[in-house]
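Trainee: Okay, here's the structure, questions in a sec.
The values are calculated or read from the model by the stated rules, or taken from the named source; none is laboratory data. On a predicted model such as this, the values are computed, not experimentally measured, just so you know. When we count neighbours, we look across all protein chains shown, and the Cβ atoms used for this are built from the backbone with ideal geometry, even at glycine.
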Amino acid sequence: MYRARLERDFKGWIDKGLLPESAARAMLAEYDGRESTFRAGRVLLVLAALLLSASILLLVAANWEALPRLARVVGIIALVWGLHFAAAWLARAGRSGLAASALVIGSASFGGGIALIGQMYHLSGDAADAALLWFAGAALSAVAFRSATMTAAAGGLAWFYFGTVLTESNFNLASDWRLWSVPALAILVVLLVRFTDAGRARHLAYLLVLAWLSWLYVDSPSLAFAGGLAASGLAAFLAAAMPGSPLRPLAMEAGSAPAFYSFALALLGFAALQYEAVGLTTEIVTGACTLLVALLGIAVAGAQNGAVRYLGYVAFAGELLYLAFETLGSMLGTSGFFLISGLVVAGIAWLVIRIEGHMARARRTEASQ
Amino acid sequence: MSGETQKSRWLNPLLAALLVAGAQTAALGYMIESRASILRSGREVLLKTVPVDPRDLLRGDYVILSYDISRIEPELFTGGFPAEEKEAQIYVRLEQQLDGFWTVTQAAFQPLAAAGDTVVLRSLPFVYYPSTPPAPVNVEYGIERFYVPEGEGRTLEEARNAEALSVDVRVDAGGKAQIREIAVNGSPVYEEPLY
């Protein structure tokens, strides 16, 4: 955890006389005092909320025959009202962790209510519509209570919706509005993240868009689509990370995510292009372009952005191994493949060490200026 | 796990609770009422069920129902078929036969006007794949599931597969249907109350 690393580094700096002990203690105290830092109690609370939610859903699944139908509906609606007002009361009392847990259970009760009513009244409608309604309920709760936890829950439900759309349509192309509803939900989640300050929940939305694009490509692979993914990813990455780009300051403000996800999109596109490539020459040309893009990512954004750097290394290594397997591996047999792989990995290791050393030197000169 | 918000509240939490719980209740209420209104004012239609393959399809606790109107022969279609693969809905005209059951007399990919003693039923959206010559079209109407208490599904399935099961549905003006009653050999076993 970051807290433990911070403490260890402080100790080292104090021992070297770089940092007075009182300052280190004050910094740690400030860090511990922050609202958003990891607290075991809060995490356990949300876990407890999730377990209670699961029990509600299981109760519904068990059909609950002992009660008359209308009584069951009244029960679940009472649960929805009770939990949301409990959350309001807890929020007013300053117990934000407990309030967030109550909201999560309240939202699960709503989802349970949708399933219960569908079952009791024999509504064999679309499961994806039910998932969408559940998402809408959770998103409304996130907005009304300005709750970061509910934003994360809505992000999870957006994924659940995507999964339902895929399974309902047997992984075939769904109808047009279904298709576009997935990125629309991702945009909604990003807006919720901005509104509720939910930080990490934004990755749920970005990953959802990447997963959606991969699905689109797998569903109807075409050279044009693969090229479009590669080109738009590359353009977005350069806009977000190239020094001198007018969008760069804006992207930097949002942290390392814009550069990382546009880079990931570009690599996804090149992986698709590699899949499209037929014949040795095209394979090698596409492979060389992929290697260049991986190196470009490391060179442009690798120094400030660790995530881009590691993704770049992984893509570079994966592409080299793929090329080695496709071209030389088939000629040399299995032992030859391992020989080539060993040489390739050694070469990459040498390159990575050079790059890391270069970047460390660049950072040092920057720091001493 | 990101912590709770550091941004200030914009809504009194009590108001927020009222808004969220109210909207969620309204959504659940709408689900119940849209079905109840079909049962209350829809037209009554008696449908014959057909065996489901594979025979043993009790999914958790609902019985899958399939009707003779679920599969529509290409000759019944008027107004042509879509030329390419697309998401479509079809409309079927049902007419009562001498044995009391209703059956499809006309089908179309465009809305059909209600006429005389016929009832127009609308299918759920499905993806249509064209073929030459046109093949029979299989559709669902949203009345294919009937949830039963645990253990009771078997009896209904056996009756369904012996073609002894009949289903009484109500159809509203928009062509949507809901199950009102299920009968085995003509005697009702499940009668659905409005709420």
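Trainee: In the stretch A:249-297, how many are under 25 Å from A:GLY347 (Cα atoms), at pLDDT below 90, aliphatic (A, V, I, L, M) and in contact with a Ser or Thr (Cβ under 8 Å, 6 or more places away or on another chain)?
Mentor: Residues that pass the stated criteria total 2.
Trainee: Which one of these is of a type in the set (A, V, I, L, M), at pLDDT 75 or above and surrounded by fewer than 12 Cβ atoms within 10 Å (Cβ to Cβ): A:ALA367, A:ALA346?
Mentor: Answer to the selection: A:ALA346.
Trainee: Tally time: how many residues in the stretch A:350-360 are modelled with pLDDT of 80 or more and loosely packed, with under 12 Cβ neighbours inside 10 Å?
Mentor: Of the residues in the stretch A:350-360, 4 are modelled with pLDDT of 80 or more and loosely packed, with under 12 Cβ neighbours inside 10 Å.
Trainee: Moving to a separate point now. For residues that are touching a strand residue (DSSP E or B) at 6+ places or on another chain (Cβ under 8 Å) and either part of a helix (DSSP H, G or I) or closer than 22 Å to B:ALA177 by Cα (or both), tally how many sit in the stretch B:124-134.
Mentor: Going residue by residue through the stretch B:124-134, those that are touching a strand residue (DSSP E or B) at 6+ places or on another chain (Cβ under 8 Å) are B:125-128, B:134.
Next, from what is left, pick out any that are either part of a helix (DSSP H, G or I) or closer than 22 Å to B:ALA177 by Cα (or both): B:125-128.
The number of residues fulfilling the criteria is 4.
Trainee: Do we have any residue at all in the stretch A:111-128 that's surrounded by fewer than 22 Cβ atoms within 10 Å (Cβ to Cβ), out of contact with any helix residue (DSSP H, G or I) (no Cβ under 6 Å at 6 or more places or on another chain) and more than 8 Å from chain B (Cβ to nearest Cβ)?
Mentor: No: zero hits.
Trainee: Tell me, yes or no, whether the stretch B:91-111 has at least one residue that is modelled with pLDDT of 90 or more, within 14 Å of another protein chain (Cβ to nearest Cβ) and farther than 29 Å from A:LEU204 by Cβ.
Mentor: no
Trainee: Go through the stretch B:135-195 and tell me which strands (runs of 3 or more DSSP E), entirely inside it, have 2 or more residues that are touching a His at 6+ places or on another chain (Cβ under 8 Å), farther than 26 Å from B:MET31 by Cα and among the polar types (S, T, N, Q).
Mentor: On the way: elements: B:145-147, B:165-171, B:177-184, B:187-191.
Qualifying strands (runs of 3 or more DSSP E): none found.
Trainee: Suppose we keep only residues that are at pLDDT 75 or above and under 22 Å from B:GLY29 (Cβ atoms) within the stretch A:54-70. Which one would you say is surrounded by the most Cβ atoms within 10 Å (Cβ to Cβ)?
Mentor: So, considering only residues that are at pLDDT 75 or above and under 22 Å from B:GLY29 (Cβ atoms), the one surrounded by the most Cβ atoms within 10 Å (Cβ to Cβ) is A:ARG69.
Trainee: Another question, if that's okay. Please work out which residue is modelled with the highest pLDDT, limiting yourself to the stretch A:91-121 and to residues that are in contact with a Lys or Arg (Cβ under 6 Å, 6 or more places away or on another chain) and under 30 Å from B:LEU65 (Cβ atoms).
Mentor: So, considering only residues that are in contact with a Lys or Arg (Cβ under 6 Å, 6 or more places away or on another chain) and under 30 Å from B:LEU65 (Cβ atoms), the one modelled with the highest pLDDT is A:TYR121.
Trainee: Any residue in the stretch A:71-90 that is farther than 14 Å from B:GLN24 by Cβ, modelled with pLDDT under 90 and not in a helix (DSSP H, G or I)?
Mentor: For the stretch A:71-90, residues farther than 14 Å from B:GLN24 by Cβ, modelled with pLDDT under 90 and not in a helix (DSSP H, G or I): absent.
Trainee: Moving on to the next point. Can you say whether B:VAL148 is out of contact with any Ser or Thr (no Cβ under 7 Å at 6 or more places or on another chain), within 13 Å of chain A (Cβ to nearest Cβ) and modelled with pLDDT of 90 or more, as far as the supplied structure shows?
Mentor: No, not satisfied.
Trainee: So, one more: For A:ALA271, are the conditions met, namely being part of a helix (DSSP H, G or I) and not hydroxyl-bearing (Ser, Thr, Tyr)?
Mentor: Numbers: part of a helix (DSSP H, G or I): yes; not hydroxyl-bearing (Ser, Thr, Tyr): yes.
For A:ALA271, the condition - part of a helix (DSSP H, G or I) and not hydroxyl-bearing (Ser, Thr, Tyr) - is met.
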